[in-house]
Every structure is written in C-alpha cells, then in structure tokens.
Amino acid sequence: MRTAYSVETVRAAERALMAELPEGALMQRAVAGLAAACADLLGRVYGSRVVLLVGSGDNGGDALYAGARLARRGAGVSAVLLNPERAHAQGLAALRRAGGAIVLAGHAEELIARADLVMDGIVGIGGKGGLRPDAERLAAVVARSRAAVVAVDLPSGVDADTGEVRGAALAADLTVTFGTYKPGLLVDPAREYAGVVRLVDIGLAPPAADAELESLQHADVARLLPVPAAESDKYRRGVVGIAAGSARYPGAAVLAVSGALRGGAGAVRYVGPAGDAVIARFPETLVSDAGPAKAGRVQSWVVGPGAGDDAATVAEVLEREVPVLLDADGLRLAGRDAVRRRTAPTLLTPHAGEAAALLGVDREEVEGARLAAVRELAAVYRATVLLKGSTTLIADAGGGAVRVNSTGTPWLATAGSGDVLSGLAGSLLAAGLAAVDAGSAAAYLHGLAGRFAAEGAPAGAHDIASRIPEAWRDVRG
C-alpha cells in the first residue's frame, strides 16, 4: 500500500530523523536519489545540458547538490537563481566546485531552450498558491522547450496537502519525492502536473495512523476479495439487490446487474421496470416486480442508476437494514436526513457534478478541491463516499485516511461505466466487505477492467463489465 502524509507530518518525521543523523546527511540521501533519477532519465549524462531552476531554502539546495553530482559526471549544468539572496549557500558552493554555472532568471530563456533536462527546485512542499510572476514566466519557457522536466519533491505551484492548483504551476515529466508520498502527488488536479512519481527512501518513518491518503495495490486488493469456502452456497456468498432502470433507461439496470454478477456475491435480485431486458441478457438474475421490501433475502442493495424520478423505491431501499449503495438518480432522490438516520452502512458514488449538487457548489469547485469535497460529503451525509473522476477517492464515514484509486483510465469516461461500478461495489458489499473496502476494491477492479477493455481504443460499458473477471484474476495473481 502506498501512503501519503501531510506536510506537517513529514516535517515532524524529518526533524526526528535529523536529530539522529550527522548534519546534512538526510539531504544527501535525498540528493543521491534525485541525481540518480535524473541520470536514468537522461540516459547519457556526459555532454548533456542541464538547467536548474533554483528557489530558496532546502528545495533549491536539493537541486543544486544534485546538479553538482551531474556536473561531476560531465554534464553542463547551469543554475538559474530566482532568489539569489536566499539561495542555499552550501549547495551553491558545491555546484561551483563541480564546474557548474550560476545565472540570473533574466538570462535563462536561451539555456532552457537548449536544455536536455530542467530540474524544478523552485518551491518545496510548504509552498502555497501558484507560481510568482518570475517563476511563471520561466515555467512558460520550459513548457515550450523539448527538455525533460524533473520536479524536486513536488511540482512547483501545486499544494502538497490538498492536490489543489490555485494558479500557475510547472508540469513535470518525473517527480522525485523524498521519504513518503504527499497527497498532492496522488490527487488531481495536482497529480497531472507530477508525471511519473519516483519515491526515494531516506529513512522516514511517519506513523501509519497519521496517513492522509492510502493507495491500494494488487496485494491489498487481493486480501479483500471474497473467496467461497467449500461449504458456501449462493446465500452464504451474499445476495445483492439491484433497484435500477426505468422505461426510459432500461440499459442502466442491465449494466448494474452485469457488474453485480461479476462481483463475488452468490446471486443477484433485480426489482424494477426493466426486468424483461435484464432477464433477456442475464437469465441467472432473480427478477421480481414486488418491490424491494418483498423481493426476498438480500445482503445489500444498489439503488438509483437510471431510476428517473422513482423516489418511492429509493426511500423504500433506504429503510432496509442492510448496506445500501446510492448512485446516479438515487443520489438526487435520497433525502439527506434519510441517509443520516441509517444505522447500516451507506455508500454514495457521485461523480463531480452530482457531488457539487449535493454540496450546493459549482462543479469546478469540486474538481479543483476533490479531497476536500469527498471528506465534506462523507461528514455531511455520515456515509462512505466514492467520488468518481480522474482520480477516484473513497472517504470513510468514520474519517481516517482517504483511499485513492490508482488504476483508472480516461477510457472509463463512457456512458454506463458508472452503472457497472455500482453493481460491482454492491456485490462486494453483499459478500461482506465494509463500505470503504467494497468501494476501494470495486474502483480498483473497475479501473483495471477499463484498461483491459480499451487497450488504447474506445470501449463501451459492456466491454468493461466483461473484463472484470480478467481483472480479478490479475489481482489475485
């Protein structure tokens, strides 16, 4: 599992470690990893042209020391000082000893235009807001160049704690981060500026309980997925109820059922007006027209995809004392108080537009501050929230670290994809997973299935559903 920590937690861990090490040793650990990553990206260091964009403090010092190491290997290194009076003195001295050149920001454009690699050491993890005007001008020059861009610890101009980008920022091809991940490296919109992220181990050991974000990997998801025992039957494996679809949107029901059938539960019950379409596609589905209360035994419900204005069914499902997943129209039709009153787990799965409507804000506000939005929704509704999007986030009703999914692909942005995800997560709820685990595992499998289905070309929601078993097998190894 990858974990990300706040700047405050990272600083505290750094202070504790520096108290045990010789002066400067921690920075040199970071610098060694940074220089190695740059050398790997260059391929051939000797004769390459490297430009360092150097701000004040330790972040600029990391860039200067790494530049000195590259200069000693034959690179032509020039350091552009944005704040000469506050540049890291020891780092400057090291670069000069190695033969590097020092220039001011006003003479940087030609150097950047001819560079093979630009190292972004402008602002560290404590920076807030966008780039200052001088740095913004340099970032524009870098964007027009052909140089590979390496960010030191974090791209300058993004917020390390929130992933927000409030102003100009410098996009990197590679971010070399030290000690631990920072939330801004894993959450959009900042994640888009980070490029590939490479973690350098410098010996930090922040407490796991203090993590802000968790990103599950294959092994973590494999431990969550249900596996039937020898004595299992369909009821012991769990039964998921799907209340979805309408005369106008029967396909939503079919797609939700398709995800549910591949999610580990033993059976799927469907209630709603799309029964004929469901049974024609999936004859193993248990179809009922009696409504959720009389549909028979279920261990979880999925309600809302394609439901139109059927508020009565949504209200009926919310009264059931089993885990409930609310999606699409169900999010709009469910009363906030009805969700808050529930004692059984509730999982909400909005996209940014739906989340904005629930919070009473503009969509752009949610997309620009995804971490804050998912936490607020979980707190307001007292429910677990899966915020779909470029980075899917899952916040538990009880607080703690937010989960961020790492497997998504832009090809998942297709009609009906969310219905498949809802059915899959609902099935995992029925199989006994906690809401945060069901949402996390479903998002992970759904993302992998989307990658397998697309393979570089468009894919429909039905294609994604059909590749869930392949994703499951891939995760379990």
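Of the residues 104, 94, 129, the one whose Cα sits farthest towards the positive end of the charge dipole of the range 82-135 is 94 (charges of +1 on Lys and Arg Cβ, -1 on Asp and Glu Cβ, taken about the Cα centre). With the cut-off at under 16 Å, measuring from each backbone N in the range 232-250 to a point 7 Å along the Cα-to-Cβ line of residue 462 picks out 249-250. Computed extension length for residue 83-residue 276: 62.5 nm, one decimal, from 0.36 nm per residue of separation with the Cα-Cα distance subtracted. For the chain, the residue among 251, 119, 5 whose Cα projects farthest onto the positive side of the dipole built from Cβ charges is 119. Relative to the longest principal axis of the Cα atoms of the chain, the long axis of helix 417-430 lies at roughly 70 degrees.
Peptides 421-430, 162-171 ranked from most to least packed by the mean count of surrounding Cβ atoms within 10 Å: 421-430, 162-171.
What does the C-alpha gyration tensor say about the overall shape of the range 362-477? Classify as rounded when a/c is under 1.5, otherwise prolate if a/b is larger than b/c, or oblate. Spell out each step's value before the answer.
Values: a/c = 2.13, a/b = 1.37, b/c = 1.55.
Here the range 362-477 falls in the oblate category.
Counting only lysines at least 8 places from residue 234 when in the same chain, those with an alpha carbon closer than 23 Å to its own are 294.
Grab the Cα-Cα distance for residue 144 and residue 46, subtract it from 0.36 nm times how many residues apart they are, and report the gain in nm with one decimal. Can you show the working numbers first?
Values: separation 98, 0.36 × 98 = 35.28 nm, distance 2.44 nm.
Full extension of this stretch gives 32.8 nm more.
Among 476, 341, the sequence by solvent-accessible area, most first, with a 1.4 Å probe is 341, 476. Set the Förster radius R0 to 41 Å, insert the Cβ-Cβ distance between residue 210 and residue 311 as r into 1/(1 + (r/R0)^6), and round the FRET efficiency to 0.05. The computed FRET efficiency comes out at 0.45.
Within the range 169-200, what residues put their amide N at less than 11 Å from the label point 7 Å along the Cα-to-Cβ vector of residue 3? The answer is 181, whose backbone nitrogens lie closer than 11 Å to the label point.
Rounded, prolate or oblate for the range 309-438? Axes are the square roots of the Cα gyration tensor eigenvalues, ordered a ≥ b ≥ c, and the cut-off for rounded is a/c under 1.5. Since a/c stays below 1.5, the shape of the range 309-438 is classed as rounded. The helix-only estimate of mean residue ellipticity at 222 nm for the chain, built from DSSP H runs of length n ≥ 4 each weighted as -39500 (n - 2.57), is -12000 deg cm²/dmol after division by the residue total.
Would the range 179-254 count as rounded, prolate or oblate if I go by the C-alpha gyration tensor, calling it rounded below 1.5 in a/c and otherwise prolate when a/b exceeds b/c, oblate otherwise?
Values: a/c = 3.62, a/b = 1.64, b/c = 2.22.
Cα axes put the range 179-254 in the oblate bin.
Cross-link reach is defined here as a Cα-Cα straight distance under 27 Å, omitting same-chain residues fewer than 8 places apart; for residue 182 the lysines meeting it are 128, 388.
Rounded to the nearest 5, the antiparallel percentage of DSSP beta bridges internal to the chain is 15%. Each Lys or Arg adds one and each Asp or Glu subtracts one; over the other residues with Cβ under 9 Å from the Cβ of residue 344, this totals +1. Between beta-carbons, use under 15 Å as the cut-off and find the net charge around residue 475, counting Lys and Arg +1, Asp and Glu -1. Summing Lys/Arg as +1 and Asp/Glu as -1 gives +2. Projecting label points 7 angstrom from Cα along Cα→Cβ for residue 173 and residue 319 puts them 6.2 nm apart. Using a probe of 1.4 Å, the accessible surface attributed to residue 276 totals some 130 Å² when neighbouring protein chains are kept in position.
To the nearest 20 Debye, how big is the dipole of the chain about its Cα centre, given +1 on the beta carbon of each Lys and Arg and -1 on that of each Asp and Glu?
Values: 48 positive and 52 negative charges, 157 e Å.
Dipole size: approximately 760 debye.
Each peptide in 117-123, 260-266, 246-252 was scored by the mean count of other Cβ atoms within 10 Å over its residues; highest first, the order is 117-123, 260-266, 246-252. Lys/Arg Cβ at +1, Asp/Glu Cβ at -1, dipole of the range 225-367 taken about the Cα centre: which of 313, 290, 333 is farthest positive-ward? Highest projection toward the positive end goes to 290. You can think of it this way: the chain between residue 230 and residue 134 has 27.8 nm of extra reach, that is 0.36 nm per residue less the Cα-Cα gap.
The values are calculated or read from the model by the stated rules, or taken from the named source; none is laboratory data. For clarity, every value in this text was computed on a predicted model and none was experimentally measured. Methodologically, a virtual Cβ is constructed for each residue, glycine included, from the backbone with ideal geometry; neighbour enumeration extends over all protein chains shown. Heavy atoms of the whole protein, side chains included, go into the accessibility calculation; ligands, DNA and RNA do not. Shrake-Rupley method; radii C 1.70, N 1.55, O 1.52, S 1.80 Å.
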